[in-house]
1. For the chain, with only Lys/Arg (+1) and Asp/Glu (-1) charged at the beta-carbon, what is the dipole magnitude about the Cα centre, in debye rounded to 20?
2. Using a 1.4 angstrom probe on the protein heavy atoms only, could you order C60, C76 from most to least accessible area?
3. Relative contact order for the chain: what is it in percent, counting Cα pairs under 8 Å that are at least 6 residues apart?
4. Between the stretch 72-89 and the stretch 1-62, how far is it from one alpha carbon centroid to the other, in angstrom?
5. Once phi is turned into ³J(HN,Hα) by the Karplus curve 6.51 cos²θ - 1.76 cosθ + 1.60 with θ = phi - 60°, what whole-Hz value does each residue of the stretch 19-30 show in order, with x for glycine and proline?
6. Of all accessible surface on the chain at a 1.4 Å probe, what whole percent is carbon and sulfur?
7. So what's the back-of-envelope 222 nm ellipticity for the chain, counting only DSSP H runs of four-plus at -39500 (n - 2.57) apiece and dividing by all residues, rounded to 500?
8. Applying the Karplus parametrisation 6.51 cos²θ - 1.76 cosθ + 1.60 with θ = phi - 60° to the phi angles of the stretch 64-70, what ³J(HN,Hα) value in whole Hz is obtained for each residue in order, glycine and proline being reported as x?
Amino acid sequence: SFIGEESVAAGEGSVLTDNPTWIIDPIDGTTNFVHRFPFVAVSIGFVVNKKIEFGIVYSCVEDKMYTARKGKGAFCNGQKLQVSGQEDITKSLLVTELGSNRDPETVKIVLSNMERLLSIPIHG
């Protein structure tokens, strides 16, 4: 099976089943792309029994290929990635995105979530 983000965004229905399924977003970061902001990627995932098996994200502008496989780790251009050992949240950096849905109820939820995040004593 295939699920494409752009076709779902255009109103086509899709249902994730237990069948092996490719999930593809050919322009991940569509808003960035439309505004010529250079952070876009091609994102591909493969799911079996509704569980992700592996994923690939190609950051076009940076020419970086991120790959990850269940139980095997994550890599960037073949180099293994790992999380930092930082345990002090005040030294962390929070990065978020507000989304493009401007439905009043959705905006209310997003802003409420942002308020909770901004109350965390983070570095930036």
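The values are calculated or read from the model by the stated rules, or taken from the named source; none is laboratory data. Small disclaimer: the values here were computed from a predicted structure and weren't measured. Cβ atoms come from the backbone with ideal geometry, glycine included; neighbour counts cover every protein chain shown. What goes into the accessible areas is simple: the full protein's heavy atoms, side chains included, and nothing from ligands, DNA or RNA. Shrake-Rupley method; radii C 1.70, N 1.55, O 1.52, S 1.80 Å.
1. With only Lys, Arg, Asp and Glu charged at Cβ, the dipole is about 380 debye.
2. On the way: C60 60, C76 20 Å².
The residues order as C60, C76, largest area first.
3. This gives 14 percent for the chain.
4. So the separation of the two Cα centres works out to 22 Å.
5. 5, x, 9, 8, 10, 10, 10, x, 9, 7, x, 4
6. 59 percent
7. Only helices count here, giving -5500 deg cm²/dmol.
8. Calculated HN-Hα couplings, in order: 10, 10, 9, 9, 8, 9, 3 Hz.
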